[in-house]
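The values are calculated or read from the model by the stated rules, or taken from the named source; none is laboratory data. Only a predicted model underlies this, so the values are computations on that prediction, with no experimental measurement involved. Because the Cβ atoms are built from the backbone with ideal geometry, glycine has one as well, and the counts that use them run over all protein chains shown.
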Amino acid sequence: MRPVALLRWIPAVLVALCALFPPTVQAQPRFYWKSLDGANVVPIIFETLSGNANPADPAHTVVPGASVTGTLGVVGCARMFSLFDRGAMAALIVPMGHISGEVGTPLGTTYQSANGFGDPMLEFDISVVGPRAQKNLADVVRYEPGFSLDFLADFAFPIGQYNSGQPLNLGQNRWYGRVGLPIVWQLGPWVPGERTTVEALPALWWFAANTDYLGGKTLTTDLLFQLNGHVTRDLTSSLWVSLDVLWYLGGTTTVDGVTGDKLNNFGIGATAGYQITENLTLMAGYTMLVSSGSPGSLQMDRFAFSLLYGWHALVEGARRLEESKK
């Protein structure tokens with residue numbers, strides 16, 4: 001098969017590492033499609049969020065009566081590689097931005113804001129069940145996810161901006177992370193323009209204690225279970241859409257012995273992706289939580305879009321070779 005014909009069969013080679021979306025809110029569809037060994041991606045991600053919790057905090061600690069908005073961005077880099085003949089990925093994610101809002105305190109409602117960098121996060125993902133690593137273009141042509149199961153681990157470093165005198169911060173002043181099992185289930189043919197998948201990411205977030213919360217108090221958070229689900233469908237070879245669901249359960253927060261409510265929240269949303277060129281993809285999505293309306297119920301709305309630039313030395317070399325023959 002000629003190089004250009006091969007390139008047409010690589011819809012995920014340059015963009016499959018979309019897992020660089022910040023995991024503080026939700027995983028996005030088609031994140032864990034596997035790609036060619038050696039693929040790289042750099043994202044430019046922008047999102048706006050509003051609700052009654054710190055949008056930069058994956059624990060989603062509810063502040064009753066609060067009205068908080070955030071404008072966040074994420075930069076990072078990721079690389080696909082093979083490990084024990086399985087497709088794997090490593091990524092570094094650095095969030096930044098601005099959050100502000102009205103927050104209730106013992107002295108009344110006050111306005112607070114924060115700017116700067118959040119906690120950097122390392123992410124590692126490896127395929128456990130499903131096709132072997134894609135080590136050449138022929139492997140890409142033959143690739144079909146079928147039923148695939150991965151192991152995912154994230155680990156955040158608490159070095160982001162933090163002010164112990166207020167609850168709104170981009171950094172969380174504690175260690176935290178998650179472990180998860182991304183699932184991709186292929187339905188029907190694996191042909192660009194006809195692909196359909198059912199995807200899920202069950203994950204557990206863990207949090208160390210913050211011993212300098214609101215001027216020296218101790219903040220602890222129980223394990224938080226998060227489930228993301230997606231049904232995705234190609235509309236054309238370059239355009240796809242997804243229906244998304246989200247569920248939080250657990251994550252009870254305690255501040256100096258005073259325990260808050262356990263999260264039990266359901267969300268719905270939609271996402272669309274468009275491959276502008278072989279190297280550049282645009283994604284946009286909206287998610288909202290269905291709240292009970294009580295002061296202790298988590299409320300959150302999120303809109304995000306991103307530009308993802310990906311490349312692979314083998315693919316770029318094949319493309320230049322084909323262009324030189326014209």
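What number of residues within the stretch 200-217 are in a strand (DSSP E or B) and over 30 Å from Leu280 (Cα atoms)? Show your work before the answer.
Quick first cut of the stretch 200-217, residues in a strand (DSSP E or B) only: 200-207, 210-213, 217.
Still in the running and over 30 Å from Leu280 (Cα atoms): 204-207, 210-213, 217.
Qualifying residue count for the region: 9.
Among the residues of the stretch 149-188, how many are of a type outside the set (Ser, Thr, Tyr), over 15 Å from the mean Cα position of the chain (by Cα) and farther than 30 Å from Pro131 by Cβ?
Residues flagged as of a type outside the set (Ser, Thr, Tyr), over 15 Å from the mean Cα position of the chain (by Cα) and farther than 30 Å from Pro131 by Cβ within the stretch 149-188 amount to 17.
Going through the stretch 217-266 one residue at a time, which ones are of a type in the set (Phe, Trp, Tyr), within 17 Å of the chain's Cα centre (by Cα) and at pLDDT below 95?
Matches in the stretch 217-266: Trp247, Tyr248.
Go through Ser242, Ser238 for me and flag whichever is over 21 Å from Val290 (Cα atoms) and either buried (at least 16 other Cβ atoms within 10 Å of the Cβ) or among the small types (Gly, Ala, Ser) (or both). It would help to see each step written out before you state the result.
Values: Ser242 fails: over 21 Å from Val290 (Cα atoms).
Criteria check complete, one pass: Ser238.
The conditions are (1) closer than 19 Å to Pro55 by Cβ; (2) surrounded by 15 or more Cβ atoms within 10 Å (Cβ to Cβ); (3) not polar (S, T, N, Q), and Gly273 fails exactly one of them. Which is it?
Failed condition: (1).
So how many residues does the stretch 196-219 have that are within 17 Å of Thr254 (Cα to Cα) and either buried (at least 19 other Cβ atoms within 10 Å of the Cβ) or touching a Pro at 6+ places or on another chain (Cβ under 7 Å) (or both)?
Of the residues in the stretch 196-219, 6 are within 17 Å of Thr254 (Cα to Cα) and either buried (at least 19 other Cβ atoms within 10 Å of the Cβ) or touching a Pro at 6+ places or on another chain (Cβ under 7 Å) (or both).
Just checking, how many residues over the stretch 75-122 are touching a residue at least 60 places away in the same chain (Cβ under 8 Å), closer than 25 Å to Met288 by Cα and hydrophobic (A, V, I, L, M, F, W, C)?
So the answer is 5.
Counting only residues that are closer than 22 Å to Ala272 by Cβ and polar (S, T, N, Q), which one in the stretch 11-69 is modelled with the lowest pLDDT?
Thr24
In the stretch 45-76, which residues are out of contact with any Phe, Trp or Tyr (no Cβ under 8 Å at 6 or more places or on another chain) and closer than 30 Å to Leu137 by Cα?
Passing the criteria: Val75, Gly76.
So, in the stretch 247-261, how many residues would count as being exposed (fewer than 15 other Cβ atoms within 10 Å of the Cβ) and either charged (D, E, K, R) or over 29 Å from Gly65 (Cα atoms) (or both)?
Counting residues in the stretch 247-261 that are exposed (fewer than 15 other Cβ atoms within 10 Å of the Cβ) and either charged (D, E, K, R) or over 29 Å from Gly65 (Cα atoms) (or both) gives 1.
Of all residues in the stretch 277-299, count the ones that are at pLDDT 90 or above, within 20 Å of Gly193 (Cβ to Cβ) and among the β-branched types (Val, Ile, Thr).
The qualifying residues number 0.
State which residue is nearest to the chain's Cα centre (by Cα) when the search covers only the stretch 39-80 and only residues that are among the polar types (S, T, N, Q) and not in a loop (DSSP other than H, G, I, E, B).
Per the criteria, the residue is Thr48.
Any residue in the stretch 109-127 that is more than 25 Å from Ala59 (Cβ to Cβ) and either modelled with pLDDT of 90 or more or over 21 Å from the mean Cα position of the chain (by Cα) (or both)?
yes
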